[in-house]
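Student: Here it is, the structure in full.
The values are calculated or read from the model by the stated rules, or taken from the named source; none is laboratory data. Computed from a prediction, not measured in an experiment: that's the story for all the values here. Using ideal geometry, Cβ is built from the backbone for each residue, glycine included, and neighbour counts are taken over all protein chains shown.
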Amino acid sequence: MLYLWLLAIVLLFLVWEKLLHERRIRAIRIRIFVNGTRGKTSVTRMIASALRGAGIRTVAKTTGDRPVFIHPDGREEILRRRGPARIQEQISFVAKAAALGAEAIVVECMAVEPRLQFVSGARIIKPTVGVITNVRADHLETMGDTLDDIAGALSLTIPSAGSLVVGDPSYLDFFRRKAAKKNTVLRSAWAAPQGLHGADPELLFPENAAVAREVCSLLNVNLSGESGPVGRTGVVRVPVRGRRIHFVDAFSANDVQSSAIAQEAVLSRYDCPRPFVALLNNRADRPLRMRSFVSYLSGQDGYEYIVLVGESRWSARRLLRREGRRQRVLVLGTRDPAKLLDEICRAISQSEFTLFGLGNFRGVGARLSDHLYRESEDRGELC
């Protein structure tokens, strides 16, 4: 009997929590859910900034390299997690946003597994505007083996009786059919005019600004003002042991296609000295990502050196050997960024070289990136 009473109490609590959540969601008239393979964090920040600039009380949450809660005044609060990320934090986010009197929320999708994407979007955020930035080959371990599988997973967050903004032209017809079944109207950011209304012209991925602009146009808001840090772009120059390293941070471009786009954009805008050094940071839970980058790098003649760091560096080394790349490959185990740079400088004789950070931000990538930007800013070397 006691167990039945306890079960009843738990069920009542869950029902009460659901009713509270539904009440909070209904009180927030604009709910924007940003999904896609790449660019979610940048798009979320730009949209939230534009809404704040239009006088709409807006709360946002990004879950890219670091989870961040963005207050209505633009102040940022890094979210501290105990254990792995869980989509339940989206419920806490909504509660906090409602307590702050938010008129709009802009939320980056934090889930990868398709079922959790559906729950996070359709069941928790219940978006009035959905965003799908692009469809690219990443998270193949959980989202499927093909681009069609990935597009299918992303489509699970399309809102009902709302609007959907899509930035990838290759799956417009697919998403349009899916949206029509939910009585949702699709708008293509790709076909929109190219004036970016104040968006940073130095963004490596201007298509992100096009997506954000289309969402803002839908809401009769101009994409303007400061969007805050939307990803480190461009090149920083850092002196190390009498050398000068030109660093390109593409750690967050987690798929080969995005990394190649970033590299092309950087090389077209900056005078980057040779040799080019690819630093591939690996994660043990992303083996397919590691394989795709290894295949990409083994077929590139432009990188004179390849540096392998992170959790699966020796596996990456074996794969590179199988692909025929045996020369000028460094496998470095240190996690300290200063020591890592010292070891790279000892292997390269030139006084200047360009270092491309690839693969994954988490772990060694985050420490190295933070170290290089800190050293660059201290010396005024941001170019």
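Student: Among the residues of the range 323-339, which ones are free of Cβ contacts under 8 Å to residues at least 12 places away in the same chain and over 31 Å from the mean Cα position of the chain (by Cα)?
Tutor: Hits for the range 323-339 are R326, Q327.
Every residue, every condition in (1) surrounded by 20 or more Cβ atoms within 10 Å (Cβ to Cβ); (2) modelled with pLDDT of 75 or more; (3) of a type in the set (S, T, N, Q); (4) in contact with a Phe, Trp or Tyr (Cβ under 7 Å, 6 or more places away or on another chain), yes or no:
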{"site": "S163", "(1), (2), (3), (4)": "yes, yes, yes, no"}
{"site": "F174", "(1), (2), (3), (4)": "no, yes, no, no"}
{"site": "G195", "(1), (2), (3), (4)": "no, no, no, no"}
{"site": "L223", "(1), (2), (3), (4)": "yes, no, no, no"}
{"site": "E226", "(1), (2), (3), (4)": "no, no, no, no"}
{"site": "V230", "(1), (2), (3), (4)": "yes, no, no, no"}
{"site": "V235", "(1), (2), (3), (4)": "yes, yes, no, yes"}
{"site": "V238", "(1), (2), (3), (4)": "yes, yes, no, yes"}
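Student: Just for the range 296-305: of the residues that are touching a Leu at 6+ places or on another chain (Cβ under 8 Å) and of a type in the set (S, T, Y), which one is nearest to V329 (Cα to Cα)?
Tutor: Y305
Student: Find the residue count for the range 135-161, including only residues that are within 17 Å of the chain's Cα centre (by Cα), surrounded by fewer than 24 Cβ atoms within 10 Å (Cβ to Cβ) and not in a helix (DSSP H, G or I).
Tutor: Summing the residues that are within 17 Å of the chain's Cα centre (by Cα), surrounded by fewer than 24 Cβ atoms within 10 Å (Cβ to Cβ) and not in a helix (DSSP H, G or I) in the range 135-161 gives 4.
Student: Can you tell me which residue within the range 120-133, out of those that are modelled with pLDDT of 90 or more and part of a helix (DSSP H, G or I), is surrounded by the most Cβ atoms within 10 Å (Cβ to Cβ)?
Tutor: That would be I125.
Student: From the list A99, A85, A60, A50, exactly one residue is at pLDDT 90 or above and either surrounded by fewer than 16 Cβ atoms within 10 Å (Cβ to Cβ) or among the hydroxyl-bearing types (S, T, Y) (or both). Which is it?
Tutor: A99
Student: Does the range 15-53 hold any residues that are part of a loop (DSSP other than H, G, I, E, B), farther than 30 Å from A137 by Cβ and in contact with a helix residue (DSSP H, G or I) (Cβ under 8 Å, 6 or more places away or on another chain), and which are they?
Tutor: Matches in the range 15-53: I28 only.
Student: Identify, please: which residue in the range 332-373 is of a type in the set (K, R) and surrounded by 13 or more Cβ atoms within 10 Å (Cβ to Cβ) and is, among those, modelled with the lowest pLDDT?
Tutor: Selected residue: R362.
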